[in-house]
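The values are calculated or read from the model by the stated rules, or taken from the named source; none is laboratory data. Computed from a prediction, not measured in an experiment: that's the story for all the values here. Every residue, glycine among them, receives a Cβ derived from its backbone with ideal geometry; neighbour counts consider all protein chains shown. Keep in mind that these areas ignore ligands, DNA and RNA; they rest on the heavy atoms of the full protein, side chains included. Shrake-Rupley method; radii C 1.70, N 1.55, O 1.52, S 1.80 Å.
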Amino acid sequence: MFAGRKAVRAFATLTAGAVAVVALPAAAVHASPGAKATTEPKYSYADAIRETAYVESSVDGDNDGRKDRIAADIIRPRESAVGLRVPVIMVPSPYNAPVAASAATARDRAGEPKADDEYKDVEDDGTPSKFPDWYDNYFVPRGYAVVLVDLPGTRASEGCLTSGGSTEVLGTKAVVDWVGGRATATNKAGNRVAADWSTGKVGMIGRSWRGTEPIALATMDIPNLRTIVPISAISSWYDYQRSDGQVMGPDSPRRLASRWGSTRKVNPGACRPVWDKMAADSAESTGNYNAFWAERDYAKDVADVKPSVLMVHGLNDWNVRTRNGQQFWRGLNSPKKLWLHQEAHVDPFQTRPAEWTATLHRWFDYWLQGIDTGIMAEPQVGIERAPGQWQSHAAWPPRQSAPVKMHFGQGNTLLPRRDPAAGRQSFKEAFDQGQQKMILAPGQNSANRLMFVGQPLPGDVRLSGTPAITVGARSSGGGATPLTALLVDLGEDSRIAHNVPESGTVRTGREMCVGAGDAVDTGCFAEYGLDVRTSSAEIVTEGWTNTSHRESTRFVSPVKPGTQYTFRWQLQPEDYVFKAGHRIAVVIAGTDCTMISVPGTNDDCSVPAEDPWPKTTMDVDLANSHIELPLADS
């Protein structure tokens, strides 16, 4: 998925050192069974049954006069044909077939499938042989079925992809219903097929869009959906493509749907009217939250979630930002666990394969097989505090976390108390200013941003939660303009280089193998290590808003030149330790072209031919501006 076309071009480190690769073992990955029993690999992968079911959904998403059929490729132990009943691990995906070559660059930036071996079979002949990811290799021999679903309007499924809309979600739901005996399906020949080989229990898993569908379905009352494992997933599409009213990247709902919907094999042009309506309904010109976005806002229904949740999110995910994970996690009442890692939009199998395989094995055994693996007696939260260094916590954010105000003072200082004599400072809009420019020359004035720097810290300080910034300011012109805030750690350290194309990881040149395989689907994958570099500054978290949405994201409030307003917006949730001797800094600016798409610019943030919005000067009242930092015991 794509948060912005410049997402991989983040700030350059102020002091770059050599790349340190934290290599993982090249040997095959085996999950440790721990203190309690887990399922054993006693079923043949080579002899497993492979088949495709076309499930009839309850909706007609492509408006062709008949209900959509959703394609689901299945691999299950051969013994399930003669009495063995197995639970289902399900992965719903729009990425099961390659998109047109014109989208290849954007796809690489987003960390989505890149190589041919990460797709399903090119042809849908009803007998699948290639299953992306490793779940089939590992879990089928342990008595599970793995079901890979083509999202509506992609590859072999009918319907239309709608960027999380109701017809897309209900189409996906039909496959879960079919496994539970509440929907019908046929095979390629048109013969009726039933999931009578299954216990009916379903666990859904996936990263990005693949993890978003499980979140949406978990808010519904689906009795056989027992657990979900969303990885870097969306809980509100508005908060994915907007930030407190500010339109972020160029990937509008229509563009996303049409890009991946281009893989639809059945009547590819059928969805264009659906996508055109999406463009009209999504308030691209204003950034307003409306009924279109409410339909795609699953976080508002999080209290209805009944399945257990094992959530994973990158603290430096510039794609599906941490607000999407935090707001869903915070509202959950069902059993839950959480991993927060330092990398960006990556799967934990890429960075902690042995630990992740063991954790997921024990999780699915507990919730789908009914085996007490001991996993629910362990701490609820795991956080990667530094590269490869993990800590366990009882909750997140910690219950003792409390907001602490830091104020903006004279001489570009960040102070623990309000400075009534701080006066005013101004900055001008600059469409070519990305985060790299914003953090240069700490403590010095800049025409295009303000930067306030605190004193060296006497001890470690842990930030845990969601910072919020309040800025009193007046604009030299009217119109809607972006506002950006960055929270920065000034101090040399070894950090994961998360804002690079590989999202904080590097390939080691070796392979790792997991579970079983055959000649077509080997179960072997590229091995990765952590990309660790020395830098003298780290952008800890970021936040954006638009001056026209200072009162609400639901409507536009005109800006009068010369009138002072109070702008308040949130930065992305974070958990970070500022080390003793480091300094905390805050940047306030207009457009952040690293994350906000500026029409007419290239990936290098070059100046557009025409101003896309008013090029104003913001005059900031420092005494009436501050940032609130949620601090906790480190």
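Comparing 256, 41, 215 along the charge dipole axis of the chain, the residue lying farthest to the positive side is 215, per the Cβ-charge model.
Could you check how much of the accessible area of the chain is carbon and sulfur, as a whole percent, using a 1.4 Å probe? List each step's numbers first, then the result.
Numbers: 11270 of 22580 Å².
The C+S portion of the solvent-accessible surface of the chain is 50 percent.
What order, most packed first, do the peptides 221-229, 370-378, 321-329 have when packing is the mean number of other Cβ atoms within 10 Å of each residue?
Top to bottom by mean Cβ count within 10 Å: 321-329, 221-229, 370-378.
Given the options 504, 179, 406, identify the residue whose Cα lies farthest towards the positive end of the charge dipole of the chain (+1 on Cβ of Lys, Arg; -1 on Cβ of Asp, Glu). Comparing the listed Cα positions along the dipole, 406 ranks first. With both labels modelled 7 Å from their Cα along Cα-to-Cβ, the residue 526 to residue 336 distance reads 3.3 nm. Would you be so kind as to identify which of 396, 165, 147 lies farthest towards the positive end of the dipole of the chain, taking Lys and Arg as +1 and Asp and Glu as -1 on Cβ and the Cα centre as origin? Sorting the options by dipole projection puts first 396. Modelled label positions at residue 447 and residue 391, each set 7 Å beyond Cα in the direction of Cβ, lie 4.4 nm from each other.
What FRET efficiency do you get for residue 122 and residue 413 if R0 is 41 Å and r is their Cβ-Cβ distance, rounded to the nearest 0.05? All intermediate terms of the calculation are to be shown ahead of the outcome.
Values: r = 61 Å, r/R0 = 1.48.
So, using R0 = 41 Å, E works out to roughly 0.10.
A crude spin-label estimate for the pair residue 304 and residue 46, with each label 7 Å from Cα along the Cβ direction, gives 4.8 nm.
Summing +1 for each Lys or Arg and -1 for each Asp or Glu, what net charge is found among the other residues whose Cβ lies under 11 Å from the Cβ of residue 386?
Working: positive: 385, 495, 579; negative: 384, 493.
That sum, taken over residues with Cβ under 11 Å, equals +1.
Of all DSSP-defined beta bridges confined to the stretch 195-282, some 25% are antiparallel rather than parallel. Per residue, the solvent-accessible area of the chain (1.4 Å probe, heavy atoms of protein chains only, all protein chains present) comes to 36 Å².
May I ask you to derive the FRET efficiency for residue 568 and residue 376 from their Cβ-Cβ distance with R0 = 60 Å, giving the value to the nearest 0.05?
0.95
Taken about its Cα centre, the stretch 230-284 carries a charge dipole of roughly 400 debye when the Cβ of each Lys and Arg holds +1 and the Cβ of each Asp and Glu holds -1. The length gained by stretching the chain between residue 460 and residue 615 to full extension, at 0.36 nm per residue less their Cα-Cα distance, is 51.8 nm. In the assembled protein chains, residue 42 presents an accessible area of approximately 150 Å² (probe radius 1.4 Å). Our Cα-only numbers for the stretch 354-424 put the radius of gyration and Dmax at 21.9, 65 Å.
Go ahead and run the numbers for FRET between residue 221 and residue 290, Cβ-Cβ distance against an R0 of 25 Å, rounding to 0.05.
Working: r = 26 Å, r/R0 = 1.04.
After rounding to 0.05, the efficiency reads 0.45.
Per residue, the convex hull around the alpha carbon atoms of the chain comes to 142 Å³. Taking max minus min of the alpha-carbon positions on each principal axis, the stretch 469-569 gives extents of 68, 37, 18 Å, largest first. Given their separation in residues at 0.36 nm each and the Cα-Cα distance between them, residue 281 and residue 58 gain 78.0 nm when the chain is fully extended. Computed with a 1.4 Å probe over protein heavy atoms only, the accessible area of residue 170 comes to about 60 Å².
If only the Cβ of Lys and Arg carry +1 and only the Cβ of Asp and Glu carry -1, the dipole of the stretch 294-383 around its Cα centre is close to 220 debye. Using Cβ point charges alone (K and R +1, D and E -1), the dipole size of the chain about the Cα centre works out to roughly 1100 debye.
Cβ under 10 Å from residue 488's Cβ, residue 488 left aside: what net charge do those residues give with Lys, Arg +1 and Asp, Glu -1? Combined, the nearby Lys, Arg, Asp and Glu give -2.
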